[in-house]
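The values are calculated or read from the model by the stated rules, or taken from the named source; none is laboratory data. Since we're looking at a predicted model, the values are computed, not measured. Here the Cβ positions follow ideal geometry from the backbone for every residue, glycine too, while neighbour counts run over all protein chains shown. What goes into the accessible areas is simple: the full protein's heavy atoms, side chains included, and nothing from ligands, DNA or RNA. Shrake-Rupley method; radii C 1.70, N 1.55, O 1.52, S 1.80 Å.
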Amino acid sequence: MPLQLVLNNIDSEVGANEPWPDDVKLFQPFETEQILLPDNASSLAVQAFLRMCNLQYEVVQRRNAEEMSPSGRVPFIKCGAFLISELEPLMSFLENKV
């Protein structure tokens, strides 16, 4: 298992006890110019799950979203002290929060 996935799993377990912060940001590339179809689908899935759970967040579009991500993949979320990227680790993190 790659190191980043192990770290994301540890983050999702540790972060489960923390309250949901008010300044959560979901990072992704620009929708109209840069985002690829699979990345857009992942971002929309994360947004839908966040809305279903009534968790507050803000979508932030950046040109360098992939370079900002801990794994180099988008979308990724900044939730307090945690940076979690890619769909599976994000969903695990969010499931532990609900």
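Of note:
- Scanning the range 40-98 for residues that are out of contact with any strand residue (DSSP E or B) (no Cβ under 7 Å at 6 or more places or on another chain) and small (Gly, Ala, Ser) yields 41, 42, 45, 48, 72, 80, 81, 92.
- The listed residues are 42, 85, and the only one of them that is over 12 Å from residue 24 (Cβ atoms), open to solvent by 20 Å² or more (accessible area, probe 1.4 Å) and hydroxyl-bearing (Ser, Thr, Tyr) turns out to be 42.
- Any pair with Cβ under 6 angstrom, 6 or more apart, that starts in the range 44-55 at a residue that is assigned to a helix (DSSP H, G or I) and ends at one that is surrounded by 13 or more Cβ atoms within 10 Å (Cβ to Cβ): 46/75; 46/90; 49/94; 50/57
- Taking the criterion of being touching a residue at least 60 places away in the same chain (Cβ under 8 Å) and not aliphatic (A, V, I, L, M), the residues of the range 56-86 that qualify are 70, 71, 79, 80, 82, 85, 86.
- Residues that are assigned to a loop (DSSP other than H, G, I, E, B) and of a type outside the set (S, T, N, Q) were ranked within the range 26-43; the one that is nearest to residue 93 (Cα to Cα) is 29.
- Failed item, numbered, when residue 67 is tested on (1) open to solvent by 60 Å² or more (accessible area, probe 1.4 Å); (2) touching a helix residue (DSSP H, G or I) at 6+ places or on another chain (Cβ under 6 Å); (3) at pLDDT 90 or above: (2)
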